[in-house]
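Below is one structure; the comments refer to it alone.
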Amino acid sequence: MDQNQNQKQHIEEHQDSRLLPHFNKVLIVGLGQLGLPIAKYVKERGFDTYGYDINRKAIETAYTAAGIKQVTDFGTSPMIFSLLRLMDFYL
């Protein structure tokens, strides 16, 4: 099942569209014991999932273990706001 089919199935299962806004890009900040499983879960549901962590190894693990796209430059304030504007949702 491809990403779009996963997302459509998820939306159908949670049909009340008033409660489930339409978004596709999700950024998970923190890819440790809680963040990585959440990122995997979100990606498995068909969302375009990005991850960031201050620990470079955690970012690499998320990419190799689950295909979570890497956000590497999150350090300067203007970049943070530019990046967040590109996302539909972030945790």
Query raised in the report: Counting only residues that are without any contact (Cβ under 8 Å) to a residue 40 or more places away in the chain and buried (at least 19 other Cβ atoms within 10 Å of the Cβ), which one in the range 41-53 is farthest from residue 67 (Cα to Cα)?
Result: 53
Report summary line: Of all helices (runs of 4 or more DSSP H) fully inside the chain, the set with 3 or more residues that are of a type in the set (Gly, Ala, Ser), touching a strand residue (DSSP E or B) at 6+ places or on another chain (Cβ under 9 Å) and modelled with pLDDT of 90 or more is 56-66
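The values are calculated or read from the model by the stated rules, or taken from the named source; none is laboratory data. Given the structure is predicted, the values throughout are model-derived calculations rather than measurements. All Cβ positions, glycine included, derive from the backbone under ideal geometry; neighbour counts span all protein chains shown.
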